[in-house]
Amino acid sequence: MSNPDSYFQRTEVSNSDLTELKNYLYPRTQYGDKEKAFKFGTLVDALITENDRVRYDKRVVDDVVYSREDFELGLAMREALRKEARRDPFLAQVLAKSDTQRFMVNKNQVFEYGNFEYMLDTRCKWDWWLSDFGFGGDLKTTFAESQKQFDEAIDFFDWDRSRAWYMDIAGSQQDFIYAISKKNLKIFKAFIRRGDDTYNRGKEKYDELAFKWWQLMV
């Protein structure tokens, strides 16, 4: 799938790189169509955070054409998020004031694995970054139909790892996820603080994979 963003050609280690390494080292059964899910997630990201990439008359993002069904679902999910913002003051601020799709690079980021210290060049790309407050967050699409299912998805899909990874690249003290259900258009949210259970679990996950990356790739 074509994407004109040069971010994906950069050489620093990203959370997506760690995901690919994990899939290689610890393969597990894949449920559903991974490529289709990624394609749809790209559509929703573009509709909400990169509107200039969308050709509404052609149902196209970059050079990828979407079915009428998927495009209309994406629009309905965007509207659901906007409606939520009318009763969620923080989300309203996020939609109004965030820098969207902002990438960050951390050269020679220091890691520790046990008592061993090493460095990696790292990168991340924020769906939302609040410059005035020094933290950001992530937008997700989900099949979850309840907050409980969404909370379980955070661990299952390693979204906790991505949030800890992003927080440590930016040096931020808090983070958040807003997720829109593809099933019932409900909005789910999670707020993460440095040192809480979600952050600690995510950091433990990335610590292992980052060290394996350093061993295998550097």
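The values are calculated or read from the model by the stated rules, or taken from the named source; none is laboratory data. Everything numeric here is computed off the predicted structure, so don't read it as measured data. Positions of Cβ are generated from backbone atoms using ideal geometry, with glycine treated the same way; all protein chains shown enter the neighbour counts.
The lone criterion from (1) outside any strand (DSSP E or B); (2) touching a strand residue (DSSP E or B) at 6+ places or on another chain (Cβ under 8 Å); (3) surrounded by 14 or more Cβ atoms within 10 Å (Cβ to Cβ) left unmet by Phe71 is number (2).
The set of residues from the range 32-45 being farther than 17 Å from Glu69 by Cβ and either β-branched (Val, Ile, Thr) or surrounded by 15 or more Cβ atoms within 10 Å (Cβ to Cβ) (or both) comprises just one member, Asp45.
If you filter the range 154-196 down to residues that are under 26 Å from Asp70 (Cβ atoms) and charged (D, E, K, R), you find that the one that is nearest to the chain's Cα centre (by Cα) is Asp158.
Looking at the range 23-56 only, could you name the residues that are part of a helix (DSSP H, G or I) and hydroxyl-bearing (Ser, Thr, Tyr)?
Those that are part of a helix (DSSP H, G or I) and hydroxyl-bearing (Ser, Thr, Tyr): Tyr24, Thr42, Thr49.
Could you tell me how many of the residues in the range 9-31 are surrounded by fewer than 16 Cβ atoms within 10 Å (Cβ to Cβ) and touching a residue at least 60 places away in the same chain (Cβ under 8 Å)? The number of residues fulfilling the criteria is 4.
Take the range 82-130 and flag every residue that is among the acidic types (Asp, Glu) and more than 22 Å from Gly41 (Cβ to Cβ).
If the condition is that a residue be among the acidic types (Asp, Glu) and more than 22 Å from Gly41 (Cβ to Cβ), then Glu112, Glu117, Asp121 are the ones that fit.
Residue check: is Ala80 under 21 Å from Thr142 (Cβ atoms), at pLDDT 95 or above and buried (at least 17 other Cβ atoms within 10 Å of the Cβ)? So Ala80 fails the test.
Take Ile169 and decide whether it is crowded, with 22+ Cβ neighbours inside 10 Å and of a type in the set (A, V, I, L, M). Break it down stepwise before answering.
Numbers: crowded, with 22+ Cβ neighbours inside 10 Å: no; of a type in the set (A, V, I, L, M): yes.
It is false that Ile169 is crowded, with 22+ Cβ neighbours inside 10 Å and of a type in the set (A, V, I, L, M).
Annotation: of all residues in the range 127-153 being within 11 Å of the chain's Cα centre (by Cα) and either of a type in the set (Lys, Arg) or farther than 17 Å from Lys97 by Cα (or both), the one that is surrounded by the most Cβ atoms within 10 Å (Cβ to Cβ) is Lys140. Note on the range 105-202: enclosed strands (runs of 3 or more DSSP E) holding 3 or more residues that are among the aliphatic types (A, V, I, L, M) and in contact (Cβ under 8 Å) with a residue 40 or more places away in the chain are 174-181. Inspect all residues belonging to the range 204-215 and state whether any of them is touching a residue at least 24 places away in the same chain (Cβ under 8 Å) and in a loop (DSSP other than H, G, I, E, B). Taking every residue of the range 204-215 in turn, none turns out to be touching a residue at least 24 places away in the same chain (Cβ under 8 Å) and in a loop (DSSP other than H, G, I, E, B).
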